[in-house]
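A short write-up of the structure that comes next.
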Amino acid sequence: MFNKKQIIFSILVMLMPMTGFAQGKISVVNLQEAMLKTDLAQTRLSEIRQGEDYSSDKKEFDRLKSEIDELIASFQKDAAVMSAEQQASARQRVANKNADLEHVAGKLQQAEQIAGQALLKEMSPMIQKVLSELIKTEGVGLLLQQSAVIHADPGYSITAKVTDKLNQLSVE
């Protein structure tokens, strides 16, 4: 009925999933997301955002954004009756406001990046400890940074587990 080759092939096919399991499972992690979602990170970012310089820059950003929106709305409304010089002047005002807005946005972004880098430096030992623990407890044989992966189903991600463990460590 079955020849020897068919039986050996069937046994090998059945054992293939076991060999993959024996080597450990594959997981992905987004370390930046895991770190930024921790309670510690949220507290630090909140402190930065409530700081005097950041608050001042944020108010300036909001004001400039509002002015740009008003200028654009006015231009769109009146463009048909404006001369070419008036249109050019209106475009220049919008461009100048945009340049100011980009400058302020850059200052806000830089403040958050500096805080993020300091936080990463502070949390790096905790992240290494948490990853080591999860690799052992979850039986992870291959851990990839999520940004290096083209596609991974959400079931492969241990990002939320990393965040939870980091929160537990920072409380202790």
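Table for the structure above
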quantity	calculated
Overall Cα dimensions of the range 23-171, principal axis frame, Å, largest first	73, 37, 18
Among 53, 100, 78, residue whose mean-square fluctuation peaks in a GNM of the chain (springs only between Cα atoms under 10 Å)	78
Convex hull of Cα atoms in the range 55-106, direction-averaged projection (nm²)	3.3 nm²
Size of electric dipole in the range 23-171: Cβ of Lys, Arg +1 and of Asp, Glu -1, about Cα centre, debye, nearest 20	400 debye
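Throughout, read-outs are computed from the coordinates displayed, never taken from laboratory work. What you are looking at is a predicted structure, and each value in this text was computed from that prediction instead of being measured. As a convention, Cβ positions derive from the backbone with ideal geometry for all residues, glycine included, and neighbour counts pool all protein chains shown.
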